[in-house]
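The values are calculated or read from the model by the stated rules, or taken from the named source; none is laboratory data. Note that the structure is predicted; figures quoted are calculated from it, not measured. FYI the Cβ positions are ideal-geometry reconstructions off the backbone, even for glycines, and counts take in every protein chain you see. With ligands, DNA and RNA removed, areas are computed over all heavy atoms of the protein, side chains included. Shrake-Rupley method; radii C 1.70, N 1.55, O 1.52, S 1.80 Å.
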Amino acid sequence: MEQIEQTEPKKKILSLIQPTNTPHLGNYLGAMQNWVKMQEEFDCTYGIADLHSITVRQDPAKLRAQIKESYALLIAVGLDPEKSTLFVQGHNPNHAELSWILSCYTQFGELSRMTQFKDKSAKHPENINAGLFTYPVLMAADILLYQADLVPVGQDQLQHLELARNIVQRFNGIYGDVFTMPEGYITKATAKVMSLQEPTKKMSKSDENPNASVWVLDDRDTIIRKFKRAVTDSESEVCAREGKDGIINLMSIYGAVTGKTLDETESEFKGKGYGEFKLAVGEAVADKLAPMQAEFKRISADKGYIEDCMKKGAEKAFRASRKTLQKVQKKVGFIVF
Ligand code: TRP
């Protein structure tokens, strides 16, 4: 029998990450690993949101280093620059151009309601700049430029995605089908990773306690030390009983990196103490991250390679988004050559 060719185009996925902090274990097990899996099934575009990051004051040299680090990390976790489009937002001028146009189709009132704007302006009262206010418009431009079907985002970005959907509805309502309506893509996290110091709180990039979060580029000794210091309880049994938030968190991290179920972990550590268990979790996490860290080291040492990938990614992103921008320009009445 003849095989029927699959002609349906792959759905488009788009997501950007801010370069302002090294991802932690929760980002890795939740988002980054999923991105790699999605690469086979979808047409993926992943970017480093350098334009977004300067809404908060940054040290230029540090920012430059972080953009490179974040970009290299995308490749190190397993994203293939040939298969997916990996780019730096600021390298594609179409983002800023579309953002301006969309800002004229976004209401002041809508932006005033964004909770992240309210939070960030409360946190930085000395620098409530216009970019911080229009940040969600730029994010809408990122998404709409590529006609993305699906946008993997965390809970904190859902309101921004909803705004992008409102812009699509408004714009398409006036000019016809210009933009694809994007949907949020909430991935099933392998593990919900909680803080090692306050296990009822999610692991966070901005935690002040240096022992609370494990960074994906932490070395082996640091990882093990942080797990050894993880907050547990005054009992001694490794089991997922209610109230044992610290132990449950460790068991779930252990499961995510080893593939073991909670029951399997419980029997593995029956009669053993917390000390032994914590060490095992630390070692398992370090083992899991080691290949990615080695790959990160290898590609970071090759400056030419990263730059080359960035340039190719920028070209790909530019080409993939130019048509949308020109269509929008024509629709609103600009002269386009
Ligand atoms: N605002 C997002 C964040 O802080 C990053 C981001 C920028 C983004 N543009 C995007 C995410 C487009 C998804 C799609 O996490």
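Of everything in region 52-77 that is closer than 24 Å to Ser321 by Cα and in a loop (DSSP other than H, G, I, E, B), the residue that is farthest from the ligand (Cβ to nearest atom) is Ile54.
Those residues that are small (Gly, Ala, Ser) and touching a residue at least 24 places away in the same chain (Cβ under 8 Å), I need them from region 273-305; list them, please. Listed by number, the residues that qualify are Gly273, Gly275, Ala280, Gly282, Ala284, Ala286, Ala290, Ser300. For region 88-97, the count of residues that are farther than 21 Å from Ala314 by Cβ and either surrounded by 14 or more Cβ atoms within 10 Å (Cβ to Cβ) or assigned by TED's automatic domain parsing to the domain that holds Ile54 (or both) is zero. Kindly check whether there is at least one residue in region 102-115 that is within 16 Å of the ligand (Cβ to nearest atom), surrounded by 22 or more Cβ atoms within 10 Å (Cβ to Cβ) and either in a helix (DSSP H, G or I) or modelled with pLDDT of 95 or more (or both). Within region 102-115 (the criterion being within 16 Å of the ligand (Cβ to nearest atom), surrounded by 22 or more Cβ atoms within 10 Å (Cβ to Cβ) and either in a helix (DSSP H, G or I) or modelled with pLDDT of 95 or more (or both)), the answer is yes, since at least one residue qualifies.
Rundown of residues vs (1) outside the structural domain of Cys44 (by TED's automatic domain parsing); (2) over 22 Å from Trp35 (Cα atoms); (3) within 15 Å of the ligand (Cβ to nearest atom); (4) in a helix (DSSP H, G or I), yes/no style:
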residue: Ala122; (1), (2), (3), (4): no, yes, no, yes
residue: Tyr135; (1), (2), (3), (4): no, yes, yes, yes
residue: Ala140; (1), (2), (3), (4): no, no, yes, yes
residue: Gln147; (1), (2), (3), (4): no, no, yes, no
residue: His160; (1), (2), (3), (4): no, no, yes, yes
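For region 149-158, filtering for residues that are more than 8 Å from the ligand (Cβ to nearest atom) and within 16 Å of Thr180 (Cα to Cα) leaves 2. Residue pairs whose Cβ atoms lie under 9 Å apart, separated by 6 or more positions or on different chains, with the first residue in region 201-226 and within 22 Å of Met32 (Cα to Cα) and without any contact (Cβ under 8 Å) to a residue 40 or more places away in the chain and the second open to solvent by 80 Å² or more (accessible area, probe 1.4 Å) and of a type in the set (Gly, Ala, Ser), do not occur. Of the residues screened, Val178 is not one that is at pLDDT 95 or above, open to solvent by less than 30 Å² (accessible area, probe 1.4 Å), more than 14 Å from the ligand (Cβ to nearest atom) and closer than 30 Å to Thr261 by Cβ.
Taken over region 162-175, the criterion of being open to solvent by 10 Å² or more (accessible area, probe 1.4 Å) and within 13 Å of the ligand (Cβ to nearest atom) is satisfied by Glu162, Arg165.
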